[in-house]
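Novice: Here it is, the structure, as structure tokens.
The values are calculated or read from the model by the stated rules, or taken from the named source; none is laboratory data. Quick caveat, the model's predicted, so the values are computed rather than measured. Counting neighbours? That spans all protein chains shown, and the Cβs are built from the backbone with ideal geometry, glycine included.
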Amino acid sequence: MLRFHSRSARFALASAVLLFAASVGTTGQVATKHPAPVKATLVWADEFNGPDGSAPDSTRWTALENGSGFGNNELEYYTPRPANVRLEKGNLVLTAIKESYTGKDGTRAYTSGRIETRGKFELTYGRVEARIKVPKGQGIWPAFWMLGADFEAKPWPACGEIDIMENIGSEPGKIHGSLHGPGYSGGNPLTGIYTLPATERFSDTFHVFAVDWQPGEIRFYVDGILFETQKAADLPAGKPWVFDHSFFVLFDLAVGGFWPGVPDATTEFPQTMLVDYVRVYKLEMPK
């Protein structure tokens, strides 16, 4: 969905071997297994293990203060206050609160948190994963995503957007993995859905969301299960693949918007999005 910008364990940096077992996801797709182990070298990570109540590491993240709605009709004002963005018990905590807040973009009825690595860490290709417990409720919209670092020179969607995980409150058992680019953006992205068994919700516990990003191909995973693959070769004629350059990483917890709709009487506040870790690996794929 449209989310453009003008919109716990400790691990050393080391090599690891990732193996993907074949299994059936609830989307009905069978997760493929790589023909050989994938060597993955951890190149960047944040375990969010700072003191309780502290801000995320400012050498890695910027916490936004913005109430523009980001072109999505979002209702929150993002602030860097500890009430909205903080570390707690080894997690990043983004909290959406129902409260009036006035800033440079006017007054909003909700506040929340959004952090990004823009200008501090950018990557081209690799495995990007995070362990997240999403919030719940009508009108609540958490996301783990990446945006093309050239978005100022090439405004969205030409810069590209990779939505590793999006969830909306009206779909508690589903997450969406999507790509946005010229000719496939907004309400018509390249997308896939992973669905939990009927009685489960993503807000019940932590899950690991990831993409493996290679030249011309991006694969989406939930808890190691491959549920979606998008390839440049599969794009319709004339639609450009805009994912072969640097991107930066974002987490946000939006309230409202064209896609999730507005909170209603059933929506409880505050709502929190917990991120246990985020890790980025350089991949050596089998030939």
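Novice: Identify, please: which residue in the stretch 64-85 is more than 22 Å from GLU122 (Cβ to Cβ) and hydroxyl-bearing (Ser, Thr, Tyr) and is, among those, surrounded by the fewest Cβ atoms within 10 Å (Cβ to Cβ)?
Specialist: That would be SER68.
Novice: A further question on this structure: What is the number of the single condition among (1) within 18 Å of the chain's Cα centre (by Cα); (2) over 17 Å from TYR125 (Cβ atoms); (3) surrounded by 15 or more Cβ atoms within 10 Å (Cβ to Cβ); (4) not hydrophobic (A, V, I, L, M, F, W, C) that TYR221 does not meet?
Specialist: That leaves (2) as the condition not met.
Novice: Picking from PHE258, PHE248, which residue would you name as being touching a Leu at 6+ places or on another chain (Cβ under 9 Å), surrounded by fewer than 22 Cβ atoms within 10 Å (Cβ to Cβ) and in a strand (DSSP E or B)? Lay out the reasoning, then the answer.
Specialist: Details: PHE258 fails: in a strand (DSSP E or B).
Only one candidate passes the filter, namely PHE248.
Novice: Also, quick follow-up: Here is a list of conditions, (1) at pLDDT 95 or above; (2) in a strand (DSSP E or B); (3) not hydroxyl-bearing (Ser, Thr, Tyr), and LYS39 meets all of them except one; can you say which number that is?
Specialist: (1)
Novice: How many of the residues in the stretch 261-287 are among the aromatic types (Phe, Trp, Tyr) and not in a loop (DSSP other than H, G, I, E, B)? Can you show your working first?
Specialist: Residues of the stretch 261-287 among the aromatic types (Phe, Trp, Tyr): 269, 277, 281.
Imposing the further condition that a residue be not in a loop (DSSP other than H, G, I, E, B) reduces the set to 277, 281.
Count: 2.
Novice: Let me ask something else. Would you be able to say whether some residue in the stretch 45-63 is surrounded by 22 or more Cβ atoms within 10 Å (Cβ to Cβ), in a strand (DSSP E or B) and aromatic (Phe, Trp, Tyr)?
Specialist: No, every residue in the stretch 45-63 fails to be surrounded by 22 or more Cβ atoms within 10 Å (Cβ to Cβ), in a strand (DSSP E or B) and aromatic (Phe, Trp, Tyr).
Novice: Does the stretch 201-214 hold any residues that are in a loop (DSSP other than H, G, I, E, B) and either closer than 18 Å to GLU171 by Cβ or of a type in the set (Lys, Arg) (or both), and which are they? Explain how you work it out, then say what you get.
Specialist: Applying the first criterion (in a loop (DSSP other than H, G, I, E, B)) to the stretch 201-214 yields 201, 205-206.
Residues satisfying the conditions are ARG201, THR205.
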